[in-house]
Every structure is written in C-alpha cells, then in structure tokens.
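The values are calculated or read from the model by the stated rules, or taken from the named source; none is laboratory data. These figures come from a predicted structure and were not determined experimentally. Using ideal geometry, Cβ is built from the backbone for each residue, glycine included, and neighbour counts are taken over all protein chains shown. What goes into the accessible areas is simple: the full protein's heavy atoms, side chains included, and nothing from ligands, DNA or RNA. Shrake-Rupley method; radii C 1.70, N 1.55, O 1.52, S 1.80 Å.
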Amino acid sequence: MRFAPDTEDSLAFVVELCNTEPEASRSGTDELATVDQLAALLARYPYTGRIDHDEAELRDVHRTRALLRQVWSLSRDDAVEAVNKMLRDAKALPYLVRHDDLDWHIHATEPSSPLAERIRVEAALGFIDVIRMNEMDRLRICAADDCTGLLLDLSRNGLKRFCSVRCGNRMNMIAFRERRAEGRS
C-alpha cells in the first residue's frame, strides 16, 4: 500500500508520537514527559513554523497525542467526524507549499499556529487519504499481548501485526515455548 509521501510521513509521525505513551513505549515510561523529549522528537520529525518549547505546548501536544490515538482506532465513518472536527476547529485552509528538501505538499495552517494544532491538522490531512482510499484497516494496534503501540501497515499484503520487530520476536518466542510445552515443537 502506498499513500502520497506526505501522507505516509504524517501517519508515521502519529505512530511515533502516540508510541511515546507509557503503555506503548519501549521503556514503559512516558517518552514525551519533558520539553526536551518533545524537542528530540521534533528533531527526527521536523515541523516548520512556531515552536514555543514550553510546558503549555507540551501539555497541548499530550492532548493531541491522546486524540490521535483515539482517531487511529475509530471506524471509517467515526474517523470522518473526528477528522472534520480537527480541521474545522483549526479553521484549516489547505494550500501547497515546497520548502527545505520537500517537494510540493499540503499545509493547512499558518506557520504561526500552535504546534499541537499544526500536528492535529497534518494528521487529519493524512487520515483524509486513508479514509478516501477506504484503508482504515492499515491503521492498527500492535497484536502483542502486552503492547498498545500503534502500527501503520504499508506492506503490500496488509498483514503486518506488530509495531516493532521486538514485539514480533517476543510473541513468536512465547508461541514457540507454548508449542514446546505441549510437545509440538
């Protein structure tokens, strides 16, 4: 499955952002607990425009993280309602822009808009493509028993089940041990 490059980038960022929550993170802690951790995330996924680097912005990004995690698991029709609300609340007005090393892509908020609002709108634009292509099943929660990590399945066959190789290996080892204990190795 291939979406437009900016859609894939937006959705990959949603995965990274949401997988900083304690239940989904590799460390088991909130990996977005500080302004410095937010800055490190933004170093990997740069956003143009205003970034305040303060606690108020971090709290707003936390609220956005929770909202995006919720939208990730919605049905297609329910996602439409949530996406439309995100766009409406931000008074989003899509326009094409080219900057840095990126070719033409869509922005829909002013660079001076708060970071969390720009994150919500960019995610909403990504969700639009997923909804329009009827590919909501590509947005999943990790199948590992003890993980709530999000995963974006861009594989051709659409069978990706785990958010990371680590979760996949762990679940495969558990299944192997269960088969071995039952004498079916």
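Summary of values
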item	result
Matching residues, segment 1-22, being of a type in the set (D, E, K, R) and part of a loop (DSSP other than H, G, I, E, B)	ARG2, GLU21
Output for segment 24-44, where each listed residue is modelled with pLDDT of 95 or more, part of a loop (DSSP other than H, G, I, E, B) and surrounded by 15 or more Cβ atoms within 10 Å (Cβ to Cβ)	ASP30, GLU31, LEU32
Sole residue being out of contact with any helix residue (DSSP H, G or I) (no Cβ under 6 Å at 6 or more places or on another chain) and closer than 22 Å to ASP78 by Cα, chosen from GLY149, GLY126	GLY149
Lone unmet requirement of (1) open to solvent by less than 50 Å² (accessible area, probe 1.4 Å); (2) at pLDDT 95 or above; (3) closer than 15 Å to ILE128 by Cα for VAL15	(3)
Which listed residue is aliphatic (A, V, I, L, M) and in contact (Cβ under 8 Å) with a residue 24 or more places away in the chain, from LEU68, LEU93	LEU68
Answer from ALA108, ALA124, ALA116, ALA144 - the residue that is of a type outside the set (D, E, K, R) and free of Cβ contacts under 8 Å to residues at least 24 places away in the same chain	ALA108
Residue check for HIS53: open to solvent by 60 Å² or more (accessible area, probe 1.4 Å) and touching a residue at least 12 places away in the same chain (Cβ under 8 Å)	yes
Candidates THR48, THR64 - the one that is of a type in the set (Val, Ile, Thr), touching a strand residue (DSSP E or B) at 6+ places or on another chain (Cβ under 9 Å) and surrounded by 12 or more Cβ atoms within 10 Å (Cβ to Cβ)	THR48
